[in-house]
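Working notes for the structure below.
The values are calculated or read from the model by the stated rules, or taken from the named source; none is laboratory data. Bear in mind that the values here come from a model prediction, so they are computed numbers and not experimental data. Methodologically, a virtual Cβ is constructed for each residue, glycine included, from the backbone with ideal geometry; neighbour enumeration extends over all protein chains shown. To get the accessible areas, we keep the full protein, side chains included, count just its heavy atoms, and leave off ligands, DNA and RNA. Shrake-Rupley method; radii C 1.70, N 1.55, O 1.52, S 1.80 Å.
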Amino acid sequence: MEDKLIIAGREFNSRFILGSGKFDLDLINAAVKNAGAEIITLAVRRVNSFTGNILDHIPEGVTLLPNTSGARNAEEAVKIAKLAREAGCGDFIKIEVIHDSKYLLPDNYETAKACEMLAKDGFIPMPYMYPDLYAARDMKNAGAAAVMPLAAPIGSNQGLSTKQFIRILIEEIDLPIIVDAGIGKPSQACEAMEMGASAIMANTAIATAGNIVQMAEAFKNAIIAGRLAYLAGTGRVLDKASASSPLTGFIAD
Amino acid sequence: MAKINGEDFNEVITIGEYLKKKGYTAARVAVMVNGEILSKNEYDCTKIQPDDEVEIVGFVGGG
C-alpha cells in the first residue's frame, strides 16, 4: 500500500525530517542516509567563504527546508525566508518566530502573520508553533502547508510533553501535523506517530546521541513502526485480563 | 567605510567582484545591501559604496 507524506502536493516516502544543527559536517551525510530522511532543515546565517558548505554534505535529492530562526517578528521571518530563497533553497520554509531566549517558545501570533505574508509570496510555509487549536486554524487559513507543533522546548529532549494538545490538532486540523522540537528518544517519536502525527522532526536527539548515525537509524525505524501501528489501529484496552490462550481443552491432570 | 558582515571594507568594487575575490559561490549565497535583498543579476552592477552595510548569508546547520 502506498503511504506517502504529502506537503503542498509534494510526495515523500519518509516521515522523518532531520534537523542539521549541532552536527559535525562530516557526519551529516551518513546521518541523513541512515535516517532515510528526504527533508532536512537548515538555518540562514552570515557565512564566510572559508568554512565548509553544509550543502556539500547533504545527499542529492533531499529537499531543503530552511528555517527562519533568528526572527523575532513576522517581518524578520519574511526577510529571512526571502534570503533563503535567493540563496537557492526553493520555496519550502519552516517559519520560526521566537523572542524568548530561555524556553525558545514560538510566538504563534507573529508566526501566523508571517505565514500569511509568505504564502501570498509563493512560499510553502510550515509554521513551528505552540500546539494551540485556534492558532493552528489561523495558520491553516493563512496558507500553511503543514503545522509543526512542539513536543517540548527546542533542544530539551524532554519528550512528548504536549501530547494531548497535539492529539487535538491531529483530530481537528486538516493538514499534515509534524511534531517538532523536544522529542528525545525513538520511543517518543513512535508514540507521536502511533497517535496519528504525519511526521517527526528531530535534531538534538540525534546530534547529542552517543552514536549519531545509529540513533538516526533508530529514529527511522521507530517512526516507521509508529506509522504502521497507527494505520493498523492499536488494540483495545481493558480493565481486566482477557486470556490469549483458549480457555477450553485443558490437558487433564 | 562600508561594512561587510560586520567587518570594515573600503574598496570600491562590485558585489560580484567581492564574492569572486573571496571565493564565494554566488549561487549559494544571498546578499543584502542596507536591508534590501539583491537579486543575482544585480551583483555585477552594484558597487559597494562607502557606508553601505552589506550582509552575505548562506546555509548553516539548524533545526
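Please go through the stretch A:218-229 and give me each residue that is surrounded by fewer than 19 Cβ atoms within 10 Å (Cβ to Cβ) and of a type outside the set (A, V, I, L, M), ordered by number.
Applying the first criterion (surrounded by fewer than 19 Cβ atoms within 10 Å (Cβ to Cβ)) to the stretch A:218-229 yields A:221, A:224-225, A:228-229.
A:Asn221, the sole residue that qualifies.
Please count how many residues of the stretch A:217-253 are among the β-branched types (Val, Ile, Thr) and farther than 30 Å from A:Asp180 by Cα.
Of the residues in the stretch A:217-253, the ones among the β-branched types (Val, Ile, Thr) are A:223-224, A:234, A:237, A:248, A:251.
Filter once more, so that each one left must be farther than 30 Å from A:Asp180 by Cα: A:248, A:251.
Count: 2.
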Identity of the residue in the stretch B:16-63, out of contact with any Lys or Arg (no Cβ under 9 Å at 6 or more places or on another chain) and assigned to a strand (DSSP E or B), that ends up nearest to A:Arg46 (Cα to Cα): B:Val33
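For A:Ala30, are the conditions met, namely being of a type in the set (Gly, Ala, Ser) and more than 7 Å from every other protein chain (Cβ to nearest Cβ)?
Numbers: of a type in the set (Gly, Ala, Ser): yes; more than 7 Å from every other protein chain (Cβ to nearest Cβ): yes.
For A:Ala30, the condition - of a type in the set (Gly, Ala, Ser) and more than 7 Å from every other protein chain (Cβ to nearest Cβ) - is met.
Going through A:Ala144, A:Ala229 one at a time, which residue ends up being modelled with pLDDT of 95 or more and outside any loop (DSSP other than H, G, I, E, B)?
On inspection, the qualifying residue turns out to be A:Ala229.
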Considering B:Gly23, B:Gly61, B:Gly6, which residue is closer than 11 Å to A:Asn48 by Cα, at the interface with another protein chain (Cβ under 8 Å from one of its Cβ atoms) and over 11 Å from the mean Cα position of the chain (by Cα)? B:Gly23
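Collect the residues in the stretch A:190-223 that are free of Cβ contacts under 8 Å to residues at least 40 places away in the same chain, of a type in the set (A, V, I, L, M) and assigned to a helix (DSSP H, G or I), keeping them in residue-number order.
Here is the first cut: in the stretch A:190-223, the ones free of Cβ contacts under 8 Å to residues at least 40 places away in the same chain are A:190-191, A:195-197, A:209-211, A:215, A:218, A:221-222.
Then keep just the ones that are of a type in the set (A, V, I, L, M); that gives A:195, A:197, A:209, A:215, A:218, A:222.
Within the stretch A:190-223, A:Met215, A:Ala218, A:Ala222 qualify.
Go through A:Asn29, A:Asn67 for me and flag whichever is out of contact with any Lys or Arg (no Cβ under 9 Å at 6 or more places or on another chain) and not hydrophobic (A, V, I, L, M, F, W, C). If you could, list the steps in order and put the result at the bottom.
Working: A:Asn67 fails: out of contact with any Lys or Arg (no Cβ under 9 Å at 6 or more places or on another chain).
From the options A:Asn29, A:Asn67, the qualifying one is A:Asn29.
For residues in the stretch A:84-118 being assigned to a helix (DSSP H, G or I), open to solvent by less than 10 Å² (accessible area, probe 1.4 Å) and of a type outside the set (Gly, Ala, Ser), which is farthest from A:Gly143 (Cα to Cα)?
So, considering only residues that are assigned to a helix (DSSP H, G or I), open to solvent by less than 10 Å² (accessible area, probe 1.4 Å) and of a type outside the set (Gly, Ala, Ser), the one farthest from A:Gly143 (Cα to Cα) is A:Thr111.
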Here the qualifying pairs (Cβ atoms under 8 Å; residues six or more apart or on different chains; first in the stretch A:78-94 and facing chain B (nearest Cβ under 7 Å) and closer than 21 Å to A:Ala8 by Cα; second open to solvent by 30 Å² or more (accessible area, probe 1.4 Å) and in a helix (DSSP H, G or I)) come out as A:Glu86/B:Lys40; A:Gly88/B:Ala27; A:Gly88/B:Arg28
May I ask you to say which residue of B:Glu42, B:Glu53, B:Glu11 is within 11 Å of chain A (Cβ to nearest Cβ) and touching a residue at least 24 places away in the same chain (Cβ under 8 Å)? B:Glu42
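Among the listed residues A:Ser20, A:Ser49, A:Ser69, identify the single one that is at pLDDT 95 or above, within 12 Å of another protein chain (Cβ to nearest Cβ) and open to solvent by less than 60 Å² (accessible area, probe 1.4 Å).
Details: A:Ser20 fails: at pLDDT 95 or above; A:Ser49 fails: at pLDDT 95 or above.
Unique residue meeting the criteria: A:Ser69.
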For the stretch A:195-216, give me the residue count where each residue is more than 19 Å from B:Gly63 (Cβ to Cβ) and either surrounded by 19 or more Cβ atoms within 10 Å (Cβ to Cβ) or within 15 Å of the chain's Cα centre (by Cα) (or both). 2
Can you say whether A:Ala205 is in contact with a strand residue (DSSP E or B) (Cβ under 7 Å, 6 or more places away or on another chain), of a type in the set (Gly, Ala, Ser) and closer than 28 Å to A:Ala43 by Cα, as far as the supplied structure shows? no
Of all residues in the stretch A:1-53, how many are over 23 Å from A:Gln188 (Cα atoms), of a type outside the set (D, E, K, R) and assigned to a loop (DSSP other than H, G, I, E, B)? 10
Out of (1) at the interface with chain B (Cβ under 9 Å from one of its Cβ atoms); (2) among the small types (Gly, Ala, Ser); (3) free of Cβ contacts under 8 Å to residues at least 60 places away in the same chain, the one A:Ala74 does not meet is (1)
Run A:Asp56 past the list (1) outside any loop (DSSP other than H, G, I, E, B); (2) open to solvent by less than 30 Å² (accessible area, probe 1.4 Å) and report the number of the one that doesn't hold. (2)
